[in-house]
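Trainee: I have a structure I would like to understand better, so I am pasting it below and will then ask my questions one at a time.
The values are calculated or read from the model by the stated rules, or taken from the named source; none is laboratory data. The shown structure was predicted, so the numbers you read here are calculated from the model rather than taken from an experiment. Cβ placement follows ideal geometry from the backbone for every residue including glycine, while neighbour counts extend to all protein chains displayed.
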Amino acid sequence: MRKLFVDTNIVLDLLAKRMPFYTSGALLFSLADKKKLKLSVSAQTFANTNYVLSKLKTAQEAKEILRMFRLLVEVVPLSDKIIDLSLNNTKFTDFEDSLQYYSASESSCEIIITRNQKDFKSADLPVMNAEEFLNSM
């Protein structure tokens, strides 16, 4: 089973139903629900997603959405190693992107799925958007 790392923007596309990106995100997470893919996200993604969802919904609704979402993904912890790699990296100018990249790398993900591919141009892992990945299957 393929193991993918999903960036926060893809999660927000799904959970906030942001069009036109919602559809490909929903298909990706549907495959995870059917156990055809293993999807990982960073712990940071939960914090950032809760922040955005809380602006669109009540705090209680945001947490309920995240509880249901949690069933679909493996959460990669922000370990000392990931923090240290991100603080000392020379590949990424954005610290948050660095945290995402090293979360993916250290959890043995095969591909990073994001809509901000330019942010990961220095990545040693393949980087695709959800639609590109789905088309490659």
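Trainee: Name every residue in segment 71-95 that is under 17 Å from LEU125 (Cα atoms), touching a residue at least 24 places away in the same chain (Cβ under 8 Å) and outside any loop (DSSP other than H, G, I, E, B), in order of residue number.
Mentor: Those that are under 17 Å from LEU125 (Cα atoms), touching a residue at least 24 places away in the same chain (Cβ under 8 Å) and outside any loop (DSSP other than H, G, I, E, B): VAL76, ILE82.
Trainee: Here is a follow-up. Looking at segment 91-101, is at least one residue more than 12 Å from the chain's Cα centre (by Cα), farther than 15 Å from ASP7 by Cα and surrounded by fewer than 14 Cβ atoms within 10 Å (Cβ to Cβ)?
Mentor: Yes, segment 91-101 contains a residue that is more than 12 Å from the chain's Cα centre (by Cα), farther than 15 Å from ASP7 by Cα and surrounded by fewer than 14 Cβ atoms within 10 Å (Cβ to Cβ).
Trainee: Run LEU53 past the list (1) assigned to a helix (DSSP H, G or I); (2) modelled with pLDDT of 95 or more; (3) crowded, with 17+ Cβ neighbours inside 10 Å and report the number of the one that doesn't hold.
Mentor: Every condition holds for LEU53 apart from (2).
Trainee: May I pose another question? Which members of segment 30-51 meet the condition of being over 19 Å from SER107 (Cα atoms), out of contact with any helix residue (DSSP H, G or I) (no Cβ under 6 Å at 6 or more places or on another chain) and not small (Gly, Ala, Ser)?
Mentor: LEU31, ASP33, LYS34, TYR51
Trainee: Filter segment 99-127 for residues that are outside any loop (DSSP other than H, G, I, E, B) and either β-branched (Val, Ile, Thr) or farther than 20 Å from VAL73 by Cα (or both) and give the result.
Mentor: Once the filter is applied, which keeps residues that are outside any loop (DSSP other than H, G, I, E, B) and either β-branched (Val, Ile, Thr) or farther than 20 Å from VAL73 by Cα (or both), segment 99-127 yields ILE111, ILE112, ILE113, GLN117, LYS118, ASP119, PHE120, VAL127.
Trainee: Would you tally the residues in segment 1-17 being more than 18 Å from ILE65 (Cβ to Cβ) and assigned to a strand (DSSP E or B)?
Mentor: 4
Trainee: Filter segment 1-27 down to residues that are under 23 Å from PRO77 (Cα atoms), in contact (Cβ under 8 Å) with a residue 60 or more places away in the chain and surrounded by 18 or more Cβ atoms within 10 Å (Cβ to Cβ), then give me how many there are.
Mentor: Going through segment 1-27 one residue at a time, the tally reaches 9.
Trainee: Could you tell me whether ILE65 is assigned to a strand (DSSP E or B) and surrounded by 15 or more Cβ atoms within 10 Å (Cβ to Cβ)?
Mentor: no
Trainee: Looking only at residues in segment 34-50 that are hydrophobic (A, V, I, L, M, F, W, C) and assigned to a helix (DSSP H, G or I), which one is surrounded by the most Cβ atoms within 10 Å (Cβ to Cβ)?
Mentor: Top of the filtered list is PHE46.
Trainee: Spot the failing condition for SER30; the list is (1) surrounded by 15 or more Cβ atoms within 10 Å (Cβ to Cβ); (2) part of a helix (DSSP H, G or I), and only one is missed.
Mentor: Single failed check for SER30: (1).
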